[in-house]
Amino acid sequence: MTDTPFVIAGRVFSSRLIVGTGKYQSHGLMVQAHDASGAEMVTVAVRRVNLHDRSKESLLDYLDRSRYFILPNTGGCYTAEDAIRTARLAREAGLSNWIKLEVIGDELTLYPDNAALIEATRVLVGEDFVVLPYTNDDPVVCRKLEDAGAAAVMPLGAPIGSGLGIQNPNNIRIIKERASVPVIVDAGVGTASDAAVAMELGADAVLMNTGIAGAQDAVAMAEAMKLAVRAGRLAYLAGRIPRKMYGSASSPLEGVISGLRT
């Protein structure tokens with residue numbers, strides 16, 4: 001069985017698991033979990049990085065940039081203007097011209113402000129950013145983000161950090177069916193089975209942070225997520241059997257019954 005490469009904006013990644021850097025008990029534990037995850041892309045909140053005084057310890061000191069591709073994100077931004085400003089700051093500081101774009105619209109649910117997200121995507125694409133927007137699991141919004149120039153769309157599986165898993169699998173399936181850019185399920189993955197389901201639905205990759213960082217054993221969970229993403233992708237390519245209302249015998253009985261009668 002031959003898989004197609006995972007490509008975003010012309011860059012090929014061998015791992016379909018993207019991990020974050022927040023909520024770990026220590027930077028050392030984060031490093032171990034990243035290693036166990038097999039991920040190549042790591043997302044970093046620009047607001048958590050000291051971009052002004054490089055003489056002080058920084059989160060970036062714990063990320064081997066020869067090994068990991070750094071994806072800055074605009075986490076904590078509540079307006080298009082703030083997100084655009086944060087993306088520009090990340091690029092000026094030499095982090096990347098890639099940006100995971102987040103514009104939060106509600107403090108309680110952390111659902112995105114999709115109108116502001118589309119606006120910010122359009123502006124940043126016009127400034128030669130590679131934009132990966134985090135959005136609702138809404139096929140219409142995902143289409144509009146793609147039309148605005150997004151290099152990938154990142155629909156949520158459930159609210160950020162909730163661990164609820166994929167709440168609307170049909171929408172993820174529709175988004176993937178209609179998209180011509182990669183679809184990355186972002187947010188809500190709580191355990192390995194959630195990651196596998198996302199991949200079985202056809203997602204090109206899964207991004208997660210809390211599901212690993214908040215586990216009792218973050219390193220073990222990182223490895224579990226790595227294996228789940230691989231298993232889910234393989235199952236998607238293999239093609240599952242149709243769902244049926246009634247049972248179907250695993251072994252055919254026609255020839256056996258005919259032989260008994262004779």
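The values are calculated or read from the model by the stated rules, or taken from the named source; none is laboratory data. Predicted model, so just to flag it, every value in this text is computed and none were measured. Positions of Cβ are generated from backbone atoms using ideal geometry, with glycine treated the same way; all protein chains shown enter the neighbour counts. Quick note on the areas: whole protein, heavy atoms, side chains included, nothing else; ligands and nucleic acids left out. Shrake-Rupley method; radii C 1.70, N 1.55, O 1.52, S 1.80 Å.
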Criterion violated by LYS176 - all others in (1) in a loop (DSSP other than H, G, I, E, B); (2) open to solvent by 20 Å² or more (accessible area, probe 1.4 Å); (3) within 24 Å of ILE118 (Cβ to Cβ) satisfied: (1)
Subset of region 164-173 that is at pLDDT below 95 and under 14 Å from the mean Cα position of the chain (by Cα) - its residue that is surrounded by the fewest Cβ atoms within 10 Å (Cβ to Cβ): GLY165
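Would you check which residues across region 235-253 are closer than 29 Å to PHE6 by Cα and open to solvent by 100 Å² or more (accessible area, probe 1.4 Å) and list them? Walk me through how you get there before you give the answer.
Here is the first cut: in region 235-253, the residues closer than 29 Å to PHE6 by Cα are 235-243.
Correct list: ARG240, ILE241, ARG243.
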In region 35-69, residue surrounded by the fewest Cβ atoms within 10 Å (Cβ to Cβ) [restricted to those that are touching a strand residue (DSSP E or B) at 6+ places or on another chain (Cβ under 6 Å) and over 18 Å from ARG91 (Cα atoms)]: GLU40
All positions within region 70-111 that are among the hydroxyl-bearing types (Ser, Thr, Tyr), open to solvent by less than 80 Å² (accessible area, probe 1.4 Å) and at pLDDT 95 or above: THR74, THR79, THR86
